[in-house]
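Colleague: Could you have a look at this structure, given as structure tokens, before my questions?
The values are calculated or read from the model by the stated rules, or taken from the named source; none is laboratory data. Since this is a predicted model, take the numbers as computed values, not measurements. Methodologically, a virtual Cβ is constructed for each residue, glycine included, from the backbone with ideal geometry; neighbour enumeration extends over all protein chains shown. Keep in mind that these areas ignore ligands, DNA and RNA; they rest on the heavy atoms of the full protein, side chains included. Shrake-Rupley method; radii C 1.70, N 1.55, O 1.52, S 1.80 Å.
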Amino acid sequence: MSLNHLPADATPEQVAACINRDGYVIVDELVPTALMDRIGEEMGPYVNDSMFGIDNMLGFKTKRTGALIARSPAARELVMNSTVLGAAGIVLEKASAFQLHLTQIISVHPGEPAQKLHQDEVAWDFFPFPLDYNIQCNTLWAMTDYTEEMGATRVVPGSHLSERKKYTQEDTLPAVMKRGSALFYTGKIFHGAGANKSDRLRQAINITYAVGWVRQEENQFLTTPIEIARTLPDDLLKVMGYQLGCFSLGYVRDGEDPMVAIREPDKRVPYNCGILQDNAKNRKALQGFLRDVEMAEPAE
């Protein structure tokens, strides 16, 4: 038995449907290997300089290298991949907005044992989110070929819809895929890196997205210096978090739009609490709230 795959031309709707149903899906060769070459060249020195993990969860023979927005222009193409953003928008549609959660290259060296199976959403202090509310939509991009012997990520299909909290390696299947492919999965599904029994390095790029009202795992505002942020396009900045996380979260200074801090720091532009309603699944509730506010008596 193997995990489910979709072709590179799959629509965001098809990808999201698989994620919601099974908790994961692999999209084969979604980007050309040349893009992985560019990211590898740009990130190589940082990967080499990264530390190995200090516990069994992070892996004593595993390196994790972040700050891809600041360090790798090529990696920004993965962050803004239209299939990924489209699928994430559907999976996370119960929130008014979604944002980049983290960017990280995971380098699993030969001899690393299998990682403990876990859910990524435990990052939020182990809060028990409802089964029907997706907090995350994640991707693992294969920088190298992903084989079972090399420690391909192992997934427990369907575990995102279960209250069960303990699984064994026998419950998992390996996410075998070619370089340039991407494993999509929710923050609820149990998964973990497999044991690298080969003599080859297994590398993946972990780029994850979360709903706009939670704290990001990787602090995008400190990780990407402001002078670099000001060179980036608006759509990337908004995904990074330079937008309202929902209709009243994330403003700056005196109730101003967060993009002002990047583009026109001396200009004063009040944020619009209805700005997200045109692309939010819960627009009806928001519109009702705004209507009630408009009907209320002016504050003294």
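Colleague: Please identify the pairs in which a residue from region 260-276 that is within 19 Å of Pro233 (Cα to Cα) and β-branched (Val, Ile, Thr) has its Cβ atom under 8 Å from the Cβ atom of a residue that is at pLDDT below 70 and open to solvent by less than 90 Å² (accessible area, probe 1.4 Å), counting only partners at least 6 apart or on another chain.
Modeller: Here the result reads Val260/Val269, each pair linking region 260-276 to a residue that is at pLDDT below 70 and open to solvent by less than 90 Å² (accessible area, probe 1.4 Å).
Colleague: Among the residues of region 160-211, write down those that are part of a loop (DSSP other than H, G, I, E, B) and either outside the structural domain of Ala114 (by the TED database) or of a type in the set (S, T, N, Q) (or both).
Modeller: Ser162, Thr168, Thr172, Ser181, Asn196, Ser198 - these are the residues of region 160-211 that are part of a loop (DSSP other than H, G, I, E, B) and either outside the structural domain of Ala114 (by the TED database) or of a type in the set (S, T, N, Q) (or both).
Colleague: Mind checking whether some residue in region 180-201 is closer than 23 Å to Thr83 by Cα, open to solvent by 30 Å² or more (accessible area, probe 1.4 Å) and at pLDDT 95 or above?
Modeller: No, region 180-201 has no match at all.
Colleague: What pairs come out if I take residues in region 1-20 that are closer than 22 Å to Val156 by Cβ and pair them with residues that are modelled with pLDDT of 95 or more and of a type in the set (Phe, Trp, Tyr) whose C-beta lies under 8 Å away, six or more apart or interchain?
Modeller: From residues that are closer than 22 Å to Val156 by Cβ, the pairs are Leu3/Tyr24; Asn4/Tyr24; Val15/Phe184; Cys18/Tyr24; Cys18/Phe184; Ile19/Phe184; Ile19/Tyr185.
Colleague: Now for a separate question. Using the structure shown, decide if Lys94 is in the same structural domain as Thr139 (by the TED database), in a strand (DSSP E or B) and open to solvent by 10 Å² or more (accessible area, probe 1.4 Å).
Modeller: No.
Colleague: On to the next question. Among Thr147, Thr139, Thr153, which is surrounded by 18 or more Cβ atoms within 10 Å (Cβ to Cβ), over 29 Å from Leu236 (Cβ atoms) and in contact (Cβ under 8 Å) with a residue 40 or more places away in the chain?
Modeller: None of the other options fit; the residue is Thr147.
Colleague: If you go through region 51-68 one residue at a time, do you hit one that is under 23 Å from Gln220 (Cβ atoms), β-branched (Val, Ile, Thr) and assigned to a helix (DSSP H, G or I)?
Modeller: No, because not a single residue in region 51-68 is under 23 Å from Gln220 (Cβ atoms), β-branched (Val, Ile, Thr) and assigned to a helix (DSSP H, G or I).
Colleague: What is the one condition in (1) under 24 Å from Ser159 (Cβ atoms); (2) in contact with a Gly (Cβ under 9 Å, 6 or more places away or on another chain); (3) modelled with pLDDT of 95 or more that Ala95 does not satisfy?
Modeller: Single failed check for Ala95: (3).
Colleague: Have a look at Gly40, Gly53, Gly59 and point out the one that is free of Cβ contacts under 8 Å to residues at least 12 places away in the same chain and closer than 25 Å to Ser198 by Cα.
Modeller: Within the list Gly40, Gly53, Gly59, the selection yields Gly53.
Colleague: Would you be able to say whether some residue in region 108-124 is in contact with a Lys or Arg (Cβ under 9 Å, 6 or more places away or on another chain), open to solvent by less than 20 Å² (accessible area, probe 1.4 Å) and within 24 Å of Thr11 (Cα to Cα)?
Modeller: Checking region 108-124: not a single residue is in contact with a Lys or Arg (Cβ under 9 Å, 6 or more places away or on another chain), open to solvent by less than 20 Å² (accessible area, probe 1.4 Å) and within 24 Å of Thr11 (Cα to Cα).
Colleague: If you check Thr83 against the conditions, is it crowded, with 17+ Cβ neighbours inside 10 Å, in a strand (DSSP E or B) and either in contact with a His (Cβ under 9 Å, 6 or more places away or on another chain) or of a type in the set (Val, Ile, Thr) (or both)?
Modeller: No; evaluated as a whole, the condition is false for this residue.
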